[in-house]
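Enquirer: Dropping a structure here in structure tokens format, bear with me for questions.
The values are calculated or read from the model by the stated rules, or taken from the named source; none is laboratory data. For clarity, every value in this text was computed on a predicted model and none was experimentally measured. Neighbour counts run over all protein chains shown; Cβ positions are idealised from the backbone, glycine included. To get the accessible areas, we keep the full protein, side chains included, count just its heavy atoms, and leave off ligands, DNA and RNA. Shrake-Rupley method; radii C 1.70, N 1.55, O 1.52, S 1.80 Å.
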Amino acid sequence: MKKLLIFILSILFVVSAFSFKAIMVTDTGGLGDKSFNDGTWAGVKRAAAELGIDAQVIQSYEQADYVSNLTKAAQEIQKEPDGGIVYAVGFMMTDALFEVAQQFPDVYFAGIDIAPSSDNVPPNVICFLFKEQESAFLVGYIAAATTRANKVGFIGGIPIPPVERFRYGFETGVKVFNDLHGTNIQIIKGYTNQFSDPKKGKDLALSQFAEGVDIIFHASGACGNGVIEAAKEKMVSLVGKDDLKSILEYAFEKGGYFAMGVDVDQDYMAPGVVLASAMKGVDTASYLGVKWAYEGNWTPGIHKLGLAENGVRMSPMKYTKGLVENRTLAELAYLVTLIKKGILTVPETEEALKSFRTPNIVFPF
């Protein structure tokens, strides 16, 4: 009898543990993009493992899937005794999220890179936005300090606000380096106009390399996988080998071709060739959203994360830090303190970028 009671209690515990569910609806880039969707899913999975709840993914193959997929997710959540949370990933899902969220007021919704057209956010919705321009500033400064061609590239996906904020920050980082060091690093820009085709990213990257660029920062989702592939092919063709030691030795002496990653730490995708990555805490945001919903610590509205909030950062440059001068790294660390203090404000709009002027900065070393 005692064993039966223990067995019944254990079954009830398992059922209770999985009575709250987190469902992520991807954008068209989908899982496997090694970027935005993968990063968000990593945070959802971390929260699910920590809390002992179920987590699922619904893949969107085209924009027409957004409303139906979010609706399907919300209906699944309604079946759970303790409810759950639906994640909408990406700016392109904005209209769909708010349309569906209003139809399911008893379901929690969270949007990554999503904000309403007004300040009126429904009480069941949290929106996470990021100061992408601040992390992009860091890689822009590194690119300007490292280029030997005096020409760097930017490749965006669709020019939506988060992508453009990456561009504004990258351009500002290059400009600040130019102003502080008297250089004239130029930027070539291009867009794939989608996020899911690595071949388009690779073709555009090869075109920019042919124009004399030696470092390309991408903010283009899975298209960026092609950008990284192009940089690796160009570098290996110079070096004649594809091992890290040979690449770094060549790069230290003669430079070469590099890519810069986005959203998550993409340095591992081509060690020695991905110079650095402009990271945004999509994993942190997705983790927090699930945790807050599960624990009942729900504060609806817009949550904006930047350097001061540890919501964006640059990768630690595990493979390539030795290619950057120590003084450059020290300068960058000092500039980060200025950004956090509000002394250096990285533009987040086109208008602010055009009117930006580098403040009077004197490094204390």
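Enquirer: Helix-only mean residue ellipticity at 222 nm, the chain, DSSP H runs n ≥ 4 weighted -39,500 (n - 2.57), per residue, nearest 500. What is it?
Expert: -15000 deg cm²/dmol
Enquirer: Sticking with this one: Taking springs between alpha-carbon atoms closer than 10 angstrom, which of GLY322, GLY224, GLY261 fluctuates most in the Gaussian network model of the chain?
Expert: Of the options given, GLY322 has the highest mean-square fluctuation.
Enquirer: Please figure out what share of the DSSP beta bridges in region 74-211 is antiparallel and state it in percent, rounded to the nearest 5.
Expert: 0
Enquirer: Right, something else. Between the alpha-carbon centers of region 246-289 and region 193-235, tell me the distance in whole angstrom.
Expert: Taking the Cα centre of region 193-235 as reference, the centre of region 246-289 is 14 Å away.
Enquirer: Scan (1) 25, 47, 24, 5, 0; (2) 25, 38, 22, 14, 2; (3) 30, 51, 17, 2, 0 for the value of P(r) over Cα pairs in 20 Å bins from 0, in percent calculated from this model and give just the label.
Expert: (3)
Enquirer: Sticking with this one: Of the candidates LEU332, LEU180, LEU305, which one comes out as most mobile in a Gaussian network treatment of the chain with C-alpha springs shorter than 10 Å?
Expert: Result: LEU180 has the largest fluctuation of those listed.
Enquirer: Excluding ligands, DNA and RNA, what is the solvent-accessible area per residue of the chain at a probe of 1.4 Å, expressed in Å²? Provide the component values of the computation, followed by the final result.
Expert: Details: 15780 Å² over 365 residues.
Accessible surface, normalised per residue, equals 43 Å².
Enquirer: Do any GluC sites (Glu not before Pro) in region 189-245 lie in a DSSP loop with no more than 15 other beta carbon atoms within 10 Å, and if so, which?
Expert: Counting only loop positions with at most 15 other Cβ atoms within 10 Å, the GluC sites (Glu not before Pro) in region 189-245 are GLU211.
Enquirer: Next question. At 7 Å along Cα-to-Cβ for each site, give me the label-to-label distance between ALA330 and ILE361 in nm.
Expert: For the pair ALA330/ILE361, the computed spacing is 1.6 nm.
Enquirer: Quick one: work out the % antiparallel among DSSP beta bridges in the chain, nearest 5.
Expert: That works out to approximately 5 percent antiparallel.
Enquirer: Whenever you get a sec, compute what percent of the accessible area on region 170-323 sits on carbon and sulfur atoms (1.4 Å probe).
Expert: Accessible surface attributable to carbon and sulfur in region 170-323 totals 49 percent.
Enquirer: Sticking with this one: By the scheme Lys and Arg +1, Asp and Glu -1, what is the net charge of all other residues having a beta-carbon under 11 Å from that of ASP242?
Expert: Here the charged neighbours net out to +1.
Enquirer: For the Cα atoms of the chain, what angle does the longest principal axis make with the long axis of helix 161-181, in degrees from 0 to 90, nearest 10?
Expert: Compared with the principal axis, the helix lies near 30 degrees.
Enquirer: Rounded to the nearest 20 debye, what is the charge dipole size of the chain about its Cα centre when +1 sits on each Lys and Arg Cβ and -1 on each Asp and Glu Cβ?
Expert: That gives a dipole near 840 debye.
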